[in-house]
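Have a look at the structure below before the remarks.
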Amino acid sequence: MKTLAIINLILAAVIGACCCYQILYLLLRLKGAGRKFTAKSMCRYGVLIAARNEAAVIGQLIDSIKAQEYPAELVDIFVVADNCTDNTAAIAAAHGARVWQRRNTTQIGKGYALNFLLGKIAAELPGEKYDGYFVFDADNLLDPHYIAEMNKMFSSGCQVITGYRNAKNFGDNWISAGYGIYFLRESEYLNRPRDYLGTSCGVSGTGFLFSTEILEKMGGWNYFALTEDLEFTLDLICKGEKVAYCSTAIIYDEQPTSLRQSVTQRARWMRGLMQIMARTGRSLLRTLFGVGSFACYDMLVNSLASVLMGLGFIMNVIMFGVGLINPEQASGPVIITALTALAGTYLGLYFTGLMTLLTEWRRIPAKNSRKILYSFTYPFFMASFMASLAVAMSGTVEWKPIRHTVAVTLGELDGKR
């Protein structure tokens, strides 16, 4: 019992010490702190979409891009139909995108698809010059002001920008709602304060913009880890670049509703983190300790905190179980210690989820009753990361496409609020 209490105390102290700076993040978000920009010029953009069997949703994404309140002649849409077995390519072309098909069963993943797409643009459209490139997933929908809002920051000198990530199927079940809260918290309680303080934000999979200048500086798109977004972010930080955040550029995406699919996806995230640590660990440590990069520290803490919390959660569950099956021993203190630690973890996660829901309430496309209900299930969603960690550590994780079926319009999302 004493050993369990000491381990819990040490874990709590380590996590608290590493993450205490996020109290400042919380206060800045509650204050509404953020930077404001006005457009300095109207830039020209290429839109990059990597799609694999996305016939059900890709048309809605392209339509939302074409409906932007931004000059259409300054936005070109490019799609790579990556190892598709359906009519994704035909639908994307019918909606007005320039489409290339890719067939490669050995180099699998979004990073390879984006590299292929950028290569095709450079080789076949050498006369076309773009100031920057947007990256979207096929299941995304854009608010009509999305590109105009991003352009305000981009034309003011921000080289890499990520936007506000919302869930278009938040109210489906506790899993999709868990994702929704997770990404909203990342947007508003991590990226927004980071941007205000002048440190780097993190690119989160989809809904981001980078300049052609940055692409050239990075030596092209060479990010092929299972989590190419984190790999891109950390490479930028190691080279002294920053990711900015635009809270008024709203993007919606579809979240998994199946626990099995969710565990598989998050196992890929964790396995990708392991890949990146193995490949670039030395560079990260040089940046962290040699340069004293707070941005590098911040990204690593947020990436690893869930692992530490997960280990503590697993340990307390095991000890609780041991206490139950050994009634002949003095198991009462063990059970109480484990339950206290688990309750504290639940309340901490509930608080972070509740704060996110309260500040983003009006922006979430779901019934109020479901928002209230899923505030209580958010800690269980975060706890399910432990199953993903176990799968990731098994070493059998590979990139697999997520099936998307939620084909809705922005008008239908507005009706859910």
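Below are the figures for this structure:
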read-out	value
Residues being part of a loop (DSSP other than H, G, I, E, B) and either touching a helix residue (DSSP H, G or I) at 6+ places or on another chain (Cβ under 7 Å) or over 16 Å from Phe116 (Cα atoms) (or both) - total across segment 209-219	1
Selection within segment 352-379 - among the aliphatic types (A, V, I, L, M) and either closer than 12 Å to Phe170 by Cβ or in contact with a strand residue (DSSP E or B) (Cβ under 8 Å, 6 or more places away or on another chain) (or both)	Leu357, Ile364, Ala366, Leu373
Flag if Gly59 is open to solvent by less than 60 Å² (accessible area, probe 1.4 Å), touching a residue at least 12 places away in the same chain (Cβ under 8 Å) and not in a helix (DSSP H, G or I)	no
Failed item in (1) free of Cβ contacts under 8 Å to residues at least 12 places away in the same chain; (2) not in a helix (DSSP H, G or I), with Pro256 passing the rest	(1)
Subset of segment 205-227 (residues that are at pLDDT below 95 and crowded, with 23+ Cβ neighbours inside 10 Å)	Ala225, Leu226, Thr227
Selection count where residues are assigned to a loop (DSSP other than H, G, I, E, B), open to solvent by 40 Å² or more (accessible area, probe 1.4 Å) and either at pLDDT 95 or above or farther than 20 Å from Leu226 by Cα (or both), scope segment 108-132	5
Pair list, Cβ under 9 Å, 6 or more apart: segment 16-30 residue within 20 Å of Cys296 (Cα to Cα), other residue basic (Lys, Arg) and assigned to a helix (DSSP H, G or I)	Tyr25/Arg192; Tyr25/Arg194
Checklist (1) modelled with pLDDT under 70; (2) open to solvent by 40 Å² or more (accessible area, probe 1.4 Å); (3) within 23 Å of the chain's Cα centre (by Cα) applied to Ser306, failing item	(2)
Residue match in segment 184-201 (condition: at pLDDT below 95 and open to solvent by less than 10 Å² (accessible area, probe 1.4 Å))	no
Criterion: in a helix (DSSP H, G or I), of a type in the set (Gly, Ala, Ser) and in contact (Cβ under 8 Å) with a residue 60 or more places away in the chain - qualifying residue of Ser247, Ser187	Ser187
Flag for Ile364 being surrounded by fewer than 16 Cβ atoms within 10 Å (Cβ to Cβ), modelled with pLDDT of 70 or more and out of contact with any Asp or Glu (no Cβ under 6 Å at 6 or more places or on another chain)	no
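The values are calculated or read from the model by the stated rules, or taken from the named source; none is laboratory data. Nothing here was measured: the structure is a model prediction, and the numbers come from that model. Note that we place each Cβ from the backbone using ideal geometry, even for glycine, and neighbour counts take in every protein chain shown. Side chains included, ligands, DNA and RNA excluded: accessible areas come from the protein's heavy atoms. Shrake-Rupley method; radii C 1.70, N 1.55, O 1.52, S 1.80 Å.
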